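Inspection log for the structure reproduced underneath, given as C-alpha cells.
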Amino acid sequence: MNDRAFENAVSCLPEELRLALRSLPESVRRDCFEIRLRIEQPVVLFGAFGCRVPSKDGTPEKTAGENSLLCTKAQLDAAFHCCCEYSVYAHMNDLLHGFLTFEGCRVGVAGTAVCDASGAMTSVRDVTALNLRIARDVPGCARALLGLFSDGAAQSVILAGPPASGKTTMLRDLIVSLSSLHRPNAQKLCVIDARRELFAQAKALNCDFLRGYPMETAIENAVKTLSPELIVCDEVATKAEVEAIEYGVNCGVRFLVGIHASSKAELLRRPQVQRLLATRAFDRAALLAARPPGTVAAILAGRALYED
C-alpha cells in the first residue's frame, strides 16, 4: 500500500471493508478524495477518476451491481465510533457541526438531530452515512501562489475554489512554505484550524495552530497574544467570522482565507467576500479550477478583483 493518506482514512473501517478498499488498484487509491458510506448501500468513491463503485474483490466499477461492496449498519456504526475514538460525548461539539476529524481527514456525518424545547440542536443520533474526505500533503503544489506573498506588502489573499478543488491541500502547502525557517524572511504564521484538517506542525516550523476553536475566538486570541504576521483560516462563512477578520486587519495582521466559490462572479456575490473586500486589505485572490484538484484557474488582483 503506497498511499499513506488513503491507508490512514480506511483504518477506521471494519476489516471486510478495509481489506476490499486496500485491494483497489494503486491509481484509484492515489486519486481518491472521498469514500462515502451509507447503510445497506454500495460504498462509493469519488476522485480524479470521477465516480467508482468498488466490488467485494476491490475492482472499481462504474456502476453498482450484484457484487458491489455494501456497508452494513454494524459496519457504519463501528466506523463512526472509531472516528469518535469511542467517546461520542467527547466529540459532540464537532458532531453538532456535522463532522468528525480522523487521522487528519474530515469525516462528514449524516444522521438525525436531537433538539431541546427551544429548538436548539443538542445531539445527533441514528447516524446513517459517513463521508471520509482524504487529506493529502502534496509538497510544492502551491508553488505557483508563493509569488502572491513574496513582495512583503501588507496585503491579504483569498483562496477560492469549489468543493473538492484542492483548496485545503493548497492551504496546507502554503502554511509549510510560508513559515519555513529555511527560507529568507520567514513569516510568523498562525493557523485557525477549526476543523483540525490544516494541522502540519511537524513541517511548519514558525507557525502556531489553534485547533478546534470557534474561528472568531481563535482570531481574537491570536491577534492579542501570538503576534502573527499572517493568519490562515479556511471556509470563512459567518458574519462573526468576517467581523473577527476585520478586527485582525484593523490590528495590522494579514490574512490568507479560504472561501467556497467556483468563479469570480460567484466569489464577488458572497456577502462575506464583499465585506472582506471593503476593508481594502484583500487585493489578491486565487481561483482554483474544479478539476483536476489544485489547478489554479486565475489570479485576480487590483481592478480585476474589485470590478465585477
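Residue by residue, here is whether (1) in the same structural domain as A278 (by TED's automatic domain parsing); (2) in a helix (DSSP H, G or I); (3) over 23 Å from R136 (Cα atoms) holds:
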{"residue": "C190", "(1), (2), (3)": "yes, no, no"}
{"residue": "K203", "(1), (2), (3)": "yes, no, no"}
{"residue": "D208", "(1), (2), (3)": "yes, no, no"}
{"residue": "E216", "(1), (2), (3)": "yes, yes, yes"}
{"residue": "N221", "(1), (2), (3)": "yes, yes, yes"}
{"residue": "E235", "(1), (2), (3)": "yes, no, no"}
{"residue": "Y247", "(1), (2), (3)": "yes, yes, yes"}
{"residue": "G252", "(1), (2), (3)": "yes, no, yes"}
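Can you tell me which of L256, L267, L276, L287 is within 19 Å of the chain's Cα centre (by Cα) and part of a helix (DSSP H, G or I)?
Being within 19 Å of the chain's Cα centre (by Cα) and part of a helix (DSSP H, G or I) holds for just one of L256, L267, L276, L287, which is L267.
Here is a yes/no grid of residues against (1) in contact with a Leu (Cβ under 9 Å, 6 or more places away or on another chain); (2) in the same structural domain as E16 (by TED's automatic domain parsing); (3) loosely packed, with under 15 Cβ neighbours inside 10 Å; (4) not hydrophobic (A, V, I, L, M, F, W, C):
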{"site": "V53", "(1), (2), (3), (4)": "yes, yes, no, no"}
{"site": "K62", "(1), (2), (3), (4)": "no, yes, yes, yes"}
{"site": "K73", "(1), (2), (3), (4)": "no, yes, yes, yes"}
{"site": "H81", "(1), (2), (3), (4)": "no, yes, yes, yes"}
{"site": "N93", "(1), (2), (3), (4)": "no, yes, yes, yes"}
{"site": "L100", "(1), (2), (3), (4)": "yes, yes, no, no"}
{"site": "G119", "(1), (2), (3), (4)": "no, yes, yes, yes"}
{"site": "S123", "(1), (2), (3), (4)": "yes, yes, no, yes"}
{"site": "V127", "(1), (2), (3), (4)": "yes, yes, no, no"}
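Does A200 satisfy the condition of being modelled with pLDDT of 90 or more, under 20 Å from A186 (Cβ atoms), buried (at least 17 other Cβ atoms within 10 Å of the Cβ) and among the small types (G, A, S)?
no
Out of the residues in segment 246-280 that are surrounded by fewer than 17 Cβ atoms within 10 Å (Cβ to Cβ) and aliphatic (A, V, I, L, M), which is nearest to I231 (Cα to Cα)?
Only one residue fits best here, namely A278.
Among the residues of segment 20-57, how many are without any contact (Cβ under 8 Å) to a residue 40 or more places away in the chain and either of a type in the set (F, W, Y) or more than 18 Å from A5 (Cβ to Cβ) (or both)?
11
In the set L76, L70, which member is touching a residue at least 40 places away in the same chain (Cβ under 8 Å) and either in contact with a Cys (Cβ under 7 Å, 6 or more places away or on another chain) or aliphatic (A, V, I, L, M) (or both)?
Exactly one residue qualifies, and that residue is L76.
Every residue, every condition in (1) at pLDDT below 90; (2) surrounded by fewer than 23 Cβ atoms within 10 Å (Cβ to Cβ); (3) under 20 Å from R284 (Cα atoms), yes or no:
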{"position": "A153", "(1), (2), (3)": "yes, yes, yes"}
{"position": "P163", "(1), (2), (3)": "yes, yes, no"}
{"position": "T168", "(1), (2), (3)": "yes, yes, yes"}
{"position": "V232", "(1), (2), (3)": "no, no, yes"}
{"position": "A237", "(1), (2), (3)": "yes, yes, yes"}
{"position": "E243", "(1), (2), (3)": "no, yes, yes"}
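Given the options P293, P228, name the one that is closer than 20 Å to R106 by Cα, in contact with a helix residue (DSSP H, G or I) (Cβ under 8 Å, 6 or more places away or on another chain) and in contact (Cβ under 8 Å) with a residue 40 or more places away in the chain.
Answer to the selection: P293.
For segment 2-26, give me each residue that is closer than 20 Å to P139 by Cα and either touching a strand residue (DSSP E or B) at 6+ places or on another chain (Cβ under 9 Å) or of a type in the set (A, V, I, L, M) (or both).
Result: D3, A5, F6, N8, A9.
If you check L256 against the conditions, is it at negative phi, assigned by TED's automatic domain parsing to the domain that holds I175 and out of contact with any Pro (no Cβ under 9 Å at 6 or more places or on another chain)?
Answer is yes for this residue.
Failed condition for P42, given (1) in contact with a Lys or Arg (Cβ under 9 Å, 6 or more places away or on another chain); (2) crowded, with 17+ Cβ neighbours inside 10 Å, with all others met?
Unmet for P42, out of (1) in contact with a Lys or Arg (Cβ under 9 Å, 6 or more places away or on another chain); (2) crowded, with 17+ Cβ neighbours inside 10 Å: (1).
The values are calculated or read from the model by the stated rules, or taken from the named source; none is laboratory data. The structure displayed is predicted, hence computed values, not measured ones. Note: ideal-geometry Cβ built from the backbone for every residue, glycine included; neighbour counts use all protein chains shown.
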